[in-house]
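Below is one structure; the comments refer to it alone.
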Amino acid sequence: MSFETWLIFLAVSLAPVISPGPGVLFAISNALRYGAKITILIGIINALGITTLALVVGFGLGALMNVSVIAFTVLKTVGALYLIWLGMKIWRDRSAFLVEGERSTRPAPVRRLSVQALAISLTNPKAMVAIAALFPPFLNESAAAAPQVVILSLSYGALCALNHIAIAYSGNWLRQFFNSPKRAQRLRRVTGGVFIGFGAIMAASGRS
């Protein structure tokens, strides 16, 4: 995998990483209720779970790539179509980015939040399918799959951690932002449009 390919992967991965899903909404809720420190801690735990999930899914894709090029190509196409469908769903979903939560005066239940973070990350259907859709176009079939899977998995997990950190320090801004239905609508449409665009590009492109 070339450095340029890795940079493109990071750019493409930003859309699913920041899009509304269980992990992102959980981070926003924690930022509004418990503040930055707890949100960062729980976000790192969530990112570790996402990295583990990415490794499991990625090695499965690597094994498939070695067995059947046709099946691998079909999976890549299906993944691209899923991203397009998800983008359309986000565009039309009026409940996306609507988060309720007040700042809690009680100590944060760190153990319970940590368990929730791991459960959300390891069983997150959005992350699972997004990873399965994102990885194939960036796996070079002429090179060993394992190192590529590790690089992509660690990179995706790191992006998730950075997203949680950004959310953690945006609690007050998020509270003001999500109070405006028009802003939430614009964000839905931008996010949905990005998903649709990346899905179309992935469907039309070959593997790196």
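Using the alpha-carbon centroid of each, what span in Å lies between region 117-169 and region 1-63?
Region 117-169 and region 1-63 have Cα centres spaced 6 Å from each other.
How much length is gained if the chain between I8 and A158 is pulled fully straight, taking 0.36 nm per residue apart and subtracting their Cα-Cα distance, in nm to one decimal?
Answer, rounded to one decimal: 52.5 nm.
For a protection proxy built on the mean count of beta-carbon atoms within 10 angstrom, sort 151-158, 106-113 highest first, please.
Ranked by mean Cβ neighbours within 10 Å, highest first: 151-158, 106-113.
When Lys and Arg each count +1 and Asp and Glu each count -1, what net charge do the other residues less than 13 Å away from K126, Cβ to Cβ, add up to?
Surrounding charge for K126 is 0.
Quick one: length gained pulling K182 to D93 fully straight, 0.36 nm per residue minus the C-alpha distance?
Taking 0.36 nm per residue and subtracting the Cα distance, the gain is 30.7 nm.
Each reported figure results from applying straightforward, stated rules to the coordinates on display, with no laboratory input. Just so you know, these numbers come straight off a predicted model, no measurement behind them. Because the Cβ atoms are built from the backbone with ideal geometry, glycine has one as well, and the counts that use them run over all protein chains shown.
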